[in-house]
1. Per DSSP H run of n ≥ 4, the term is -39500 (n - 2.57); total these for the chain, divide by its residue number, and report the mean residue ellipticity at 222 nm rounded to 500 deg cm²/dmol.
2. Over segment 60-144, with every protein chain in place, what whole percent of the accessible area is carbon and sulfur at 1.4 Å, could you tell me?
3. Counting only pairs 8 or more places apart or on different chains, how many lysine pairs in the chain have C-alpha atoms closer than 28 Å?
4. Residue by residue, what Karplus-based ³J(HN,Hα) values in Hz, rounded to whole numbers, does segment 57-63 have, using 6.51, -1.76 and 1.60 with θ = phi - 60° and x for Gly and Pro?
5. Convex hull over the Cα atoms of segment 1-75, averaged projected area in nm²?
6. Calculate, axis by axis, the spread of Cα positions in the chain along the three principal axes, and write the results as whole Å, longest axis first.
7. Of the residues 61, 127, 35, which exhibits the maximal mean-square fluctuation in a Gaussian network model of the chain defined by a 10 Å Cα contact cut-off?
8. Can you figure out the FRET efficiency of residue 124 with residue 98, using R₀ = 22 Å and their beta-carbon distance, to the nearest 0.05?
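The values are calculated or read from the model by the stated rules, or taken from the named source; none is laboratory data. Note that the structure is predicted; figures quoted are calculated from it, not measured. Neighbour counts run over all protein chains shown; Cβ positions are idealised from the backbone, glycine included. Heads up: the accessible areas ignore ligands, DNA and RNA and are worked out on the full protein's heavy atoms, side chains in. Shrake-Rupley method; radii C 1.70, N 1.55, O 1.52, S 1.80 Å.
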Amino acid sequence: MSEIVVHPCAHCGAKNRFPKDKAAQARCGKCGKMVLPDAPVIADEMSFAELAESSPVPVLVDFWAPWCGPCRMIAPVLDEIARELAGRLKVVKVNVDENPNLAARFGVRSIPTLVVLKEGREADRLVGALPKPALLARLSAHLA
């Protein structure tokens, strides 16, 4: 019997239960898209504490907006980092237009802003779209 895991959908944030050995093919019960366990997870003000602050691994929180050009430029890099560092780092995306209280709580004044959380506390902050090598170099000190 396979272990059952619960993982939020990277697209809509809905929690999904599925056998661990089926994770690569799991589809979201709410939106029908692939759950993508190693993709960035979308968080809102209701799910942020569970997804980011209680994570056993460091979390890279991407504060972004759909209209932001630099945010769109860095998004594919964050997708790659989420896949490459799965199990060592979790990438969580927060849309600042839809979650202004979270943005205010973290003092986000410009986007993209990337905040590294370790054990629920801010460990580092990066502002702007950095190239992948620079971002990985900065993250390396925080990896599990």
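1. Working: 3 runs with 30 residues, N = 144.
So the calculated ellipticity at 222 nm is -6000 deg cm²/dmol.
2. Numbers: 2310 of 4280 Å².
It is 54 percent, rounded to a whole number.
3. 24
4. 10, x, 10, 9, 9, 9, 8
5. Working: hull surface 23.7 nm².
Answer in nm², one decimal: 5.9.
6. Taking max minus min along each principal axis of the Cα atoms, the chain gives 47, 30, 26 Å.
7. Among 61, 127, 35, the largest mean-square fluctuation in the Gaussian network model of the chain belongs to 127.
8. 0.35
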